[in-house]
1. Who wins for biggest fluctuation among P178, P204, P168 in a Gaussian network model of the chain, springs between alpha carbons below 10 Å?
2. Going down the table (K143/K179; K180/K258; K76/K143; K81/K242), which pairs top 30 Å between alpha carbons?
3. Just want the answer: with Cβ charges of +1 for Lys and Arg and -1 for Asp and Glu, which residue in F188, L93, G159 is farthest toward the dipole's positive end in segment 2-260?
4. Between helix 163-172 and the chain, what is the angle of the helix's C-alpha long axis to the longest principal axis, kept within 0 to 90° and rounded to the nearest 10?
5. Highest GNM mean-square fluctuation, the chain, Cα pairs closer than 10 Å: which of A49, A94, A41?
6. With Kirkwood radius over Cα pairs in Å in mind, check (1) 19.4; (2) 21.8; (3) 18.3 and report the label derived from this structure.
7. Using the basic label-point model (7 angstrom from Cα toward the beta carbon), what is the I141 to L247 distance in nanometres?
8. Please work out the C-alpha center-to-center distance from segment 150-169 to segment 67-98 and express it in whole Å.
Amino acid sequence: MPIFQFLADTLISNWEIITLFFIIAVLYSSVGFGGGSSYIAVLALTSLAFTQIRTIALLCNIVVVSGSTFIFAKNKLFDWKKIIPLAITSLPLAFLGGYLKITQTFFFILLGLTLMTAATLMWTSGYIQQRSKETNLKKSIIKDTSYGGIIGFISGMVGIGGGIFLAPLLHLTNWDTPKKIAATSSFFILINSIGGLFGQYLNPNFYIEPTITIILMFTVLIGGQIGTRISIKLIAPIKLKKATAILIAIVSIRILWKYLF
């Protein structure tokens, strides 16, 4: 009985976070993303240690995008010859970013800047996708490995998968069709999250509170499975992205104000 009482108390005291994680998982998984940036934005407003925030976000990312990646693979949307250059640098550098020992102040400043960048990219993503049809930049292995490495390293430190950065870049460079870009971003998020999580696990400061973590993972598992099977028709995707961008930007400003001023 004490175990069930403890579980019930945890659910009741964290119902707002659990609800937000469920909504985020449904919405993000419907377009092939994991929702890491939004999970972190929510957790950054709690009293959790920043080391736990990163770990929980990555675990939830893995749970959500695993389903999306499986569906994309089943529909044969992966072009491995183009994906490998992105992955070959992102995975080891995501591991390195997760392994690095950083201070709480540095983490939150980097997080604030990352969230602001993510919000900007989400706000302008519709414009970028429209422009990409008219843009024909030369693709190269060097460019893709650079994208993968830089995004992977930052993602590992912050605790996200990096799809929020990769997808707009791929659209901007007319990398491939929108469906294949979504598939590639999903796989990219998965391997970066695994690499970053493994790096954090080997970090001496690694710690995680199992109860809330398992509850949130189970929550996003359900939300992610729902999201991968439906399309959001009640809200236009561009409006949804802009609304999310505003919320992430507000959290970013709040974090930066606290740790810079």
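1. Among P178, P204, P168, the largest GNM mean-square fluctuation belongs to P204.
2. With Cα atoms farther than 30 Å apart: K180/K258; K81/K242.
3. F188
4. Taking Cα atoms only, the helix is inclined about 20 degrees.
5. Comparing A49, A94, A41 in the GNM, the peak value goes to A49.
6. Evaluating Kirkwood radius over Cα pairs in Å on these atoms matches (3).
7. Placing both labels 7 Å along Cα→Cβ, they lie 4.2 nm apart.
8. Between the Cα centre of segment 150-169 and that of segment 67-98, the gap is 12 Å.
A short reminder: the numbers here are calculations on the coordinates, not readings from a lab. Just so it is clear, the model here is predicted, and its values are computed rather than measured. Using ideal geometry, Cβ is built from the backbone for each residue, glycine included, and neighbour counts are taken over all protein chains shown.
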